[in-house]
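Have a look at the structure below before the remarks.
The values are calculated or read from the model by the stated rules, or taken from the named source; none is laboratory data. These numbers were taken from a predicted model, which means no experiment stands behind them. Here the Cβ positions follow ideal geometry from the backbone for every residue, glycine too, while neighbour counts run over all protein chains shown. Heads up: the accessible areas ignore ligands, DNA and RNA and are worked out on the full protein's heavy atoms, side chains in. Shrake-Rupley method; radii C 1.70, N 1.55, O 1.52, S 1.80 Å.
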Amino acid sequence: MKRSGRRAGFATAALCGALVLTGCKGDGDAAGAPKAPAPAKPAASAPSAPAGTASATPVAEPTADGKPAATTAPPKAPAGKPKAPATAKPGAAPSCDHKMPISPDEVAVYRYTPEGGFLSLIVRHGNWGCGTPDSDGAPFETVGVETFIPLDQAASITVVTPIVESTENQKIGVQEFLDWLEAHPNSGLVFRYGLGKDGAIHQLDQVFTP
């Protein structure tokens with residue numbers, strides 16, 4: 001009986017020695033179990049851009065399959081230098097409106113007629129067109145058909161070249177003017193006229209055109 005108790009004591013002592021060698025604790029945890037690795041320190045991140053400042057490099061957003069989506073490249077600046085606005089060339093004719101209204105008191109005179117019992121000038125109305133750089137002035141462009149305007153037999157008439165040798169208006173008589181029209185029909189010389197109360201021309205002045 002004594003021998004059995006001794007054997008049991010030796011066995012218990014041997015078991016405790018084995019537990020000490022293996023690092024056993026009384027609560028059943030293994031002292032020698034591998035420890036969990038320490039968490040890695042986060043890498044230093046780049047300083048974030050201040051609020052309201054756009055990032056220089058666009059960040060790709062992940063797509064449904066996990067791959068980064070393609071980023072849109074910034075627009076390229078147009079090549080070449082901007083063109084300067086076009087300027088008018090020296091000596092060019094100024095802009096001209098071809099839709100000018102019909103002149104209310106200017107006509108091109110072609111002929112005359114005594115038909116109807118009174119003297120009338122055969123004229124065409126029109127307006128001033130656009131001159132060209134190589135011309136001396138703008139042309140008088142007629143419109144419509146020939147019309148008749150009564151001429152007072154005592155009207156005041158002034159003329160310039162080619163009726164007289166002058167660029168300044170010279171006064172002539174009505175009959176002298178009629179004689180010239182008869183000798184030079186359809187000349188189309190431009191005159192500015194004024195009507196009297198009777199509707200006939202009382203003032204007729206030729207417009208000088210170079």
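Some points to look at:
- Candidates Ala138, Ala183, Ala200, Ala155 - the one that is of a type in the set (A, V, I, L, M) and loosely packed, with under 12 Cβ neighbours inside 10 Å: Ala183
- Any hit, region 170-177, residues being over 22 Å from Phe118 (Cα atoms), touching a residue at least 60 places away in the same chain (Cβ under 8 Å) and surrounded by 12 or more Cβ atoms within 10 Å (Cβ to Cβ): no
- From the list Val164, Val160, the one residue that fits, being free of Cβ contacts under 8 Å to residues at least 12 places away in the same chain and either buried (at least 17 other Cβ atoms within 10 Å of the Cβ) or of a type in the set (Gly, Ala, Ser) (or both), is Val164.
- Subset of region 186-195 [open to solvent by 80 Å² or more (accessible area, probe 1.4 Å) and closer than 20 Å to Val143 by Cα]: Asn186, Arg192
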